[in-house]
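First comes the structure, then the notes that go with it.
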Amino acid sequence: MLDLEKEGSPMPWQEPSRMSLRQEFVTLAAQHTIPMQELCQRFGISRKTGYKWLTRSRDPADGDLRDRSRRPHTMPTKTGADLDAAVVAVRRQYPTWGGRKIHYRLLHQGVPDVPAPSTITDILHRHALITPTPDAPRRWQRFEHAAPNDLWQMDFLGHVGVEDGQRVHPLTILDDHSRFLLALHACVHEQQPTVQTHVTVCFERYGMPRAILMDNGPPWGTSGQGGLTAFEAWLLRLGVEPWHGRPAHPQTQGKIERLHGTIAADVFAQRSLPSVAACQPHFDEFRQIYNHLRPHEGIDDEVPISRYEPSLRSFPKELPEIVYRPDDQVRKVRDQGAIGFANRSWFVSRGLIGLPVAVRPTTTDGVFQVVSCHREVAIIDLTTRSAV
């Protein structure tokens, strides 16, 4: 678990990331969903430190969390020029925001007599801060899960070249209900150990979801070839359902695809990045703005943190033991991803190597179901030569 207060930790945090995590902590602590002691453990801090942050967050005069709110202490009487200046200031701070988001941001700042989004758009045009597009993108109705942590979505935002010749692979994890961006990591590759490390940190801090939606490619999918990956087997053992979108249908993960477009516009299109390591501070800053400041049209222009709360399903210190029914025939998956049954070798899944699976009879004579945890992974038909 990461200790955000301890110097020389294996993954030192930049100051913008530290401040955003403090703000995130006090927001979640104020919900009283997770006991204070457990929430402090998830964030790698002592209870004393946690209560200190919570106390300081309620005192705007304290310096440690002063940048948690950008609301001005006083607001002079507005004139037309003053309103224009306020609109322009927000636009320059967030160059990709349009009239609707700026409207809600000004309301949140306490600006009186905030004009309508259409008027703000006119102001942006007058100041040459917006370029009209020929066609607006087509919009569709997206299904939304009813509560936080019912479903997370996870994906890589492809890979993007940086100035030193390397490529950064941004890993994103998004809560489906709240649109809360749980993680945005600058990775040097898309391999399973790296993904599992970042997901573990996410589970330790926010608890575990009921399911995670991913595409069908590696490291979490088998591209329709059947079986389970090692990552899926790990999730199932934790009681988290691995779900996959339909092949060649990116709209299944429409929320995270839209998020990727926002990251591309707000991070990569705004600056040149010298290295993979230099990407992470910009990712941390984007995540802070996205979760706490940026109005989201998909949730009635609220900010994602206002709809998110941590999961009550805490990440275990040790993986739970895999237990099957007393009448199951249990087999250990061998190095080749196969098991022995009925004096023959049957391929099951390379992602389950070293783990036990259960073989259960079906209602059809000579046909058996192979189960990992509670998920069917193969069918053994004794009349054929291999498992299906």
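The values are calculated or read from the model by the stated rules, or taken from the named source; none is laboratory data. Given the structure is predicted, the values throughout are model-derived calculations rather than measurements. For neighbour counting, all protein chains shown are included, and Cβ atoms are generated from backbone atoms with ideal geometry for every residue, glycine included.
Surrounded by 22 or more Cβ atoms within 10 Å (Cβ to Cβ) and under 26 Å from Ala269 (Cβ atoms), is that true of Arg179? Yes, satisfied.
Restricting the range 27-47 to residues that are assigned to a loop (DSSP other than H, G, I, E, B) and among the hydrophobic types (A, V, I, L, M, F, W, C), the residue that is farthest from Pro148 (Cα to Cα) is Ile45. Test Ala338 against the stated conditions and say whether it is touching a Ser or Thr at 6+ places or on another chain (Cβ under 9 Å), surrounded by 13 or more Cβ atoms within 10 Å (Cβ to Cβ), of a type in the set (A, V, I, L, M) and without any contact (Cβ under 8 Å) to a residue 24 or more places away in the chain. So Ala338 fits the description; yes.
Within the range 155-169, restricting attention to residues that are in contact with a helix residue (DSSP H, G or I) (Cβ under 6 Å, 6 or more places away or on another chain) and under 16 Å from Asp215 (Cα atoms), which residue is surrounded by the most Cβ atoms within 10 Å (Cβ to Cβ)? Across the range 155-169, the extreme among qualifying residues is Asp155. What is the residue count in the range 286-332 for residues that are of a type in the set (Val, Ile, Thr), assigned to a loop (DSSP other than H, G, I, E, B) and touching a residue at least 12 places away in the same chain (Cβ under 8 Å)? Final tally of qualifying residues: 2. With respect to the conditions (1) modelled with pLDDT under 90; (2) crowded, with 20+ Cβ neighbours inside 10 Å; (3) more than 16 Å from Gly227 (Cα to Cα), Ala387 falls short on a single one, namely (3).
Table: residues versus (1) surrounded by fewer than 12 Cβ atoms within 10 Å (Cβ to Cβ); (2) at pLDDT 80 or above.
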site: His32; (1), (2): yes, yes
site: Cys40; (1), (2): no, yes
site: Arg56; (1), (2): no, yes
site: Gly63; (1), (2): yes, no
site: Lys78; (1), (2): no, no
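Okay, residues lined up against (1) among the hydrophobic types (A, V, I, L, M, F, W, C); (2) exposed (fewer than 14 other Cβ atoms within 10 Å of the Cβ); (3) closer than 21 Å to Leu174 by Cβ:
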position	(1), (2), (3)
Phe283	yes, no, yes
His292	no, no, yes
Arg313	no, no, yes
Arg350	no, no, no
